[in-house]
Amino acid sequence: LNFPISGVSVDPFALVLIGFIVGVLGGFFGVGGGFLAGPFMFWIGVPGNFVVGTDLAHITGKSIVAFRRHRALGNVDIKLGFIMVIGTVVGVELGAQIIENMEARHSVDLFIGILYVVILLLVGIFTAFESIRTIRRIKSSDNPEGREILGFQKITKAVRRIKIAPMISFPNSGIEAISLWVVLGVGLAAGLITGMLGVGGGFIRMPMFIYILGVPTHVAVGTDLFEIIFSAGFGTITHSLKGNVDIIMALVMQTGAAVGAQIGSIATQYFRGPWIRLMFSVLPFIGVLLVVMKLFNGGM
Amino acid sequence: VESKQKNSARRMIRNFLIEVAAYGALLVAYFFFALRYLGEPLQRIYETDLKSYALWGTILIVVQAVVLDQVVGFLVDFFKLHQTDG
């Protein structure tokens, strides 16, 4: 099928399939899925300059569908999401500035690649280690507690001890009191990494929600999707202004992504937090593989 | 109790599949609608005014997501498929 805006002929069913796969992952793990969709779009013949923008456009729509479903399930903390968005936006801008300054002096592709790989490996290994430990604990216990158990709470406890005013509560996430500055700081850190690496950031935010702020896994998934609507939406607008978005292609991808997002969101109901985290831990390793392949094929 | 649980799970899966099928059908219909009627006007806007293109593109993406989700929500209510919502 010919897509006149990007000027290419691409199999629409392949686009729908990519959207569907990314939709399931997004609905289930609360990630944008750009790390997977991007390379696949490039592979089926979407021009490089249209890949990122078009991917962001369909991620925006898919995240809206998944967010609405998660909200119906009570898995979204809107207040937390809004505050995180503020920190993230500032962080993304800051990260992009840092990279721009570094680029002015020397090539940073290799540095970004290595940083990306290190961060993803840390996230993947830690999440796998924690979730496996927790699952073992649940299996050895006669009376497993609720659907959410966290095997590593040291960071969360340390963060809760910070009492810099104003203190705020997030009842939907079960957080009685936490410093506003901590939440903004976490958003800023996630945004900084996103801005520096040029990726969506679901990889980073999801574990931060869980292990630093102490948000239950299901709520972390839903709230992260809420944030992705803003970050991907903003990216869609900026890329559209540069003429790098094929909206028709994005709408076609979204048809598959919307169904996938519904399935992924509903599927979270049937898994407890540690199992979702264990499955999530595989994603960073896929990300590492893709980045290493990119680096070996000549730069990011 | 076990038989009740099995029936409930079966019903939930059936309802879920109906919901996904309804959603899929709506999306396929929209898919052809989008390709047939939106392609040309969007290309024209893309070639003449990128600001309007960015605006319309974002609106279309958001509206597609919200409207389709609401239509499915209506169908779920209409056919009493609430059980998939947990």
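Bear in mind these aren't lab numbers, they're just calculated from the coordinates by the rules spelled out. The shown structure was predicted, so the numbers you read here are calculated from the model rather than taken from an experiment. No Cβ is skipped: glycine too gets one built from the backbone with ideal geometry, and neighbour counts run over all protein chains shown.
Of note:
- Other protein chain C-beta atoms within 10 Å of residue C-beta, averaged over A:256-265: 4.
- Taking every residue in B:48-55 and counting other chain Cβ atoms within 10 Å of its Cβ, the average works out to 4.
- Highest-first packing order for the peptide set A:76-86, A:17-27 is A:17-27, A:76-86, based on the mean count of other beta carbon atoms within 10 Å.
- Projected label points at A:Lys242 and A:Leu289, each 7 Å from Cα along the beta carbon direction, are separated by 2.9 nanometres.
- Its DSSP H runs of at least 4 residues, each contributing -39,500 (n - 2.57), put the calculated 222 nm mean residue ellipticity of chain A at -24000 deg cm²/dmol, to the nearest 500.
- Kirkwood Rh and Cα Rg combined as Rg over Rh, evaluated for the protein assembly as shown: 0.97
- Helix A:109-140 and the longest principal axis of the C-alpha atoms of chain A enclose an angle of approximately 40°.
- Virtual paramagnetic centre 7 Å along Cα→Cβ of B:Ser8, amide N under 18 Å, in segment A:251-289: A:267-272
- 5 angstrom amide H check on A:Ile175, placed H, neighbours 5+ away: A:Phe170
- Average other protein chain Cβ within 10 Å of Cβ, residues A:5-14: 1
- Taking segment A:174-190 and a reference point 7 angstrom along Cα→Cβ of A:Ile86, the backbone N atoms nearer than 18 Å belong to A:177-190.
- Taking amide H positions as modeled 1.01 Å from N, with prolines and chain starts lacking one, the residues under 5 Å from A:Phe3 and 5 or more places away or on another chain are A:Val8, A:Ser9, A:Val10.
- Here each label is just a point 7 Å from Cα along the line to Cβ, and for A:Ile162 and A:Leu180 those points are 1.5 nm apart.
- Residue of A:Ile247, A:Ile210, A:Ile155 that the Gaussian network model of chain A assigns the largest fluctuation, springs spanning Cα pairs under 10 Å: A:Ile155
- Least to most buried among B:Tyr37, B:Tyr46 (fewest other Cβ within 10 Å first): B:Tyr37, B:Tyr46
- C-alpha center-to-center spacing [segment B:41-58, segment A:185-218] in angstrom: 33 Å
- Label sites at B:Ala29 and A:Lys79, each approximated as a point 7 angstrom past Cα along Cα to Cβ, lie 4.1 nm apart.
- Residue of A:Asp246, A:Asp11, A:Asp55 that the Gaussian network model of chain A assigns the largest fluctuation, springs spanning Cα pairs under 10 Å: A:Asp11
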